[in-house]
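Take a look at the structure set out below.
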Amino acid sequence: KAGVTQTPRYLIKTRGQQVTLSCSPISGHRSVSWYQQTPGQGLQFLFEYFSETQRNKGNFPGRFSGRQFSNSRSEMNVSTLELGDSALYLCASSAGGPYGYTFGSGTRLTVV
Amino acid sequence: AQSVTQLDSQVPVFEEAPVELRCNYSSSVSVYLFWYVQYPNQGLQLLLKYLSGSTLVESINGFEAEFNKSQTSFHLRKPSVHISDTAEYFCAVSERGNTPLVFGKGTRLSVIA
C-alpha cells in the first residue's frame, strides 16, 4: 500500500512569488491535513479537508489556501511568499477522525 | 483550548540506558493522545496512540506510554535505548471528535554510544 506522497520534495522560491504543493493520500483515505513545521514555531496546523470540503482551519493568513479534489488528492497554495514562509510543509491523511494520521515526507520550501 | 507541553527539548542518554520523554496536555474534554517520531529529513511516523481502554499502550519497537488522566500526562518510556532511536519525538493531542492534532514542541533524543 503506497504511503502519502508529497511533491515536490524541495522548492526554492523568491519573495513575492506563489507556490503550489501537492499531496496524494493513502488510497481510501478521505481526510487530508496540512501542517507547517519550523524550528521556532514547531508543528502548526494549516487546514484539513474531508471529501473536498474544508473541515478545519488553523490560524494562518489568507495567503495560505488549499483544496481537495474528488480523488482525495490535495493541494495547498501560498501566494505572495515571505521569507518567514520557509518551512517544511507536511501533509497527513487519515481514514477519518484522528485515529492515527499517516504523514508524507514533506516539501521543504525555501524562500529567498 | 487544547495544548501540549513537552518538558524537555533535548534528552541525551547512553545506549542501553532507560529513557523517559515527558508530555503534559491541557484540555477541558476527553482526548486522544499520540506520540510521533521524526528522523532527519523525513516526515512523522506514528509510534503509539491512546484512544480509550487500557491506559498503558505499547509500540512494536519497545516504547510504551501511560495515560494518566489525573496528572494530564502521557509520558513515553523505553527500558533500553539503541543508537537507532536517535530522533525527534512529538507528543500530540486531539479532543474527541473531528479536531486537528495539536503538537508539542518536540524532544530531541540523542543516544550516545
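The values are calculated or read from the model by the stated rules, or taken from the named source; none is laboratory data. This structure is a prediction, so every number in the text was calculated from the model and none was measured. FYI the Cβ positions are ideal-geometry reconstructions off the backbone, even for glycines, and counts take in every protein chain you see.
In the range A:25-46, of all residues being surrounded by 22 or more Cβ atoms within 10 Å (Cβ to Cβ) and farther than 21 Å from residue B:37 by Cβ, the one that is farthest from the chain's Cα centre (by Cα) corresponds to A:31. Meeting the requirement of 3 or more residues that are within 14 Å of chain B (Cβ to nearest Cβ), the strands (runs of 3 or more DSSP E) wholly within the range A:1-103 are A:5-7, A:19-24, A:31-38, A:42-50, A:53-57, A:87-94. Scanning the range B:79-113 for residues that are touching a residue at least 60 places away in the same chain (Cβ under 8 Å) and either among the small types (Gly, Ala, Ser) or in contact with a Pro (Cβ under 7 Å, 6 or more places away or on another chain) (or both) turns up B:79, B:80, B:92, B:94, B:101, B:104, B:106, B:110, B:112, B:113.
Within the range A:10-21, if we keep just the residues that are more than 12 Å from the chain's Cα centre (by Cα) and under 13 Å from residue A:88 (Cβ atoms), the residue that is surrounded by the most Cβ atoms within 10 Å (Cβ to Cβ) turns out to be A:11.
Scanning the range B:67-113 for residues that are hydroxyl-bearing (Ser, Thr, Tyr) and within 14 Å of chain A (Cβ to nearest Cβ) yields B:89, B:94, B:99, B:107. Would you please name the residue that is surrounded by the most Cβ atoms within 10 Å (Cβ to Cβ), looking only at residues in the range B:35-62 that are assigned to a loop (DSSP other than H, G, I, E, B) and within 13 Å of another protein chain (Cβ to nearest Cβ)? Taking the candidates together, the pick is B:43. Answer with yes or no whether residue B:93 is buried (at least 17 other Cβ atoms within 10 Å of the Cβ) and over 17 Å from residue B:18 (Cβ atoms). Here the answer is yes, as residue B:93 does meet what is asked. You will find that of B:14, B:67, the residue that is at pLDDT 95 or above and not β-branched (Val, Ile, Thr) is B:14 and no other.
Restricting B:12, B:18 to those that are touching a Pro at 6+ places or on another chain (Cβ under 8 Å) and more than 16 Å from residue B:90 (Cβ to Cβ) reduces the list to B:18. Working carefully through the options B:25, B:32, find the one that is among the aromatic types (Phe, Trp, Tyr) and either part of a loop (DSSP other than H, G, I, E, B) or more than 10 Å from chain A (Cβ to nearest Cβ) (or both). Answer to the selection: B:25.
The residues of the range A:22-44 that are over 21 Å from residue A:2 (Cα atoms) and β-branched (Val, Ile, Thr) amount to a single one, A:38.
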